[in-house]
Amino acid sequence: MSENPKPRTSTRSPVLAESLLLAAASALLFLALVFEDFDQLRQTDWSEQPMGLIVRYFVAMGVGGAVAGYALSNLFGRSGLLGWVLAAMGGILVATFAGLLGSAIGLLPDLVSDGFQTPDILAVSAGALVLPLALIGWPTLLPIWIGLIFLVHILAKR
């Protein structure tokens, strides 16, 4: 006479999807900072660019976005207007935290080789501004970023 319990669904899958999407959003924001606009991207002479540094920070920002997305995943997926407001705030917080963490991860090889120096605090702190700086340089990124945040919120509801 006992009821059949509902099968447990794994909460790991939505959190993983959230983390991966937020990692992509963070990496996209970094690329927007690097290339500023489409014209500069087309005119870039790739042989003159520090590709190792760009790839290192691209990966670091992605990792920072994934960790921040995982840590703040509870802000996404709630129902109602409050849920959408929390998701928007969560997107801003994730971008800020991912920028800080990504900057620290990207700077880690330099910190290991040179040791900690006072300007490193400024370099890591500048990562917190990745969202506004990217949007200033590439305003068309705003609807893309909002779309990614909304997609994270919708996936988290499942």
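Each reported figure results from applying straightforward, stated rules to the coordinates on display, with no laboratory input. As the structure is a prediction and not an experimental result, all values here were calculated from the model. Cβ coordinates were reconstructed from backbone atoms using ideal geometry, including for glycine residues, and neighbour counts include every protein chain displayed.
Here are the numbers for this structure:
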| read-out | value |
| --- | --- |
| Fluctuation leader among 113, 13, 26 - the chain, Gaussian network, Cα springs under 10 angstrom | 113 |
| CD proxy at 222 nm, helix term only [per DSSP H run n ≥ 4: -39500 (n - 2.57); per residue of the chain; nearest 500] | -25500 deg cm²/dmol |
| Which of 131, 16 has the fewest Cβ neighbours within 10 Å, and the rest in rising order | 16, 131 |
| FRET efficiency, residue 82 to residue 140 (Cβ-Cβ, R0 22 Å, nearest 0.05) | 0.15 |
| Average Cα contact separation per residue, the stretch 25-140, under 8 Å, 6 or more apart, as relative contact order % | 35 |
| Kyte-Doolittle mean at least -1.0, axial Cα span of 20 Å or more - DSSP H helices of the chain | 12-35, 51-71, 80-114, 141-157 |
| Gained length - residue 125 relative to residue 150, 0.36 nm times residue gap less alpha-carbon distance | 6.3 nm |
| Charge dipole (the chain, unit charges on Cβ, about Cα centre) - positive-most of 33, 112, 83 | 83 |
| Dipole moment magnitude, nearest 20 debye, the chain about Cα centre, only Lys, Arg, Asp, Glu C-beta charged | 980 |
| Two-site label geometry, residue 92 and residue 157: point separation in nm, points 7 Å out along Cα→Cβ | 2.2 |
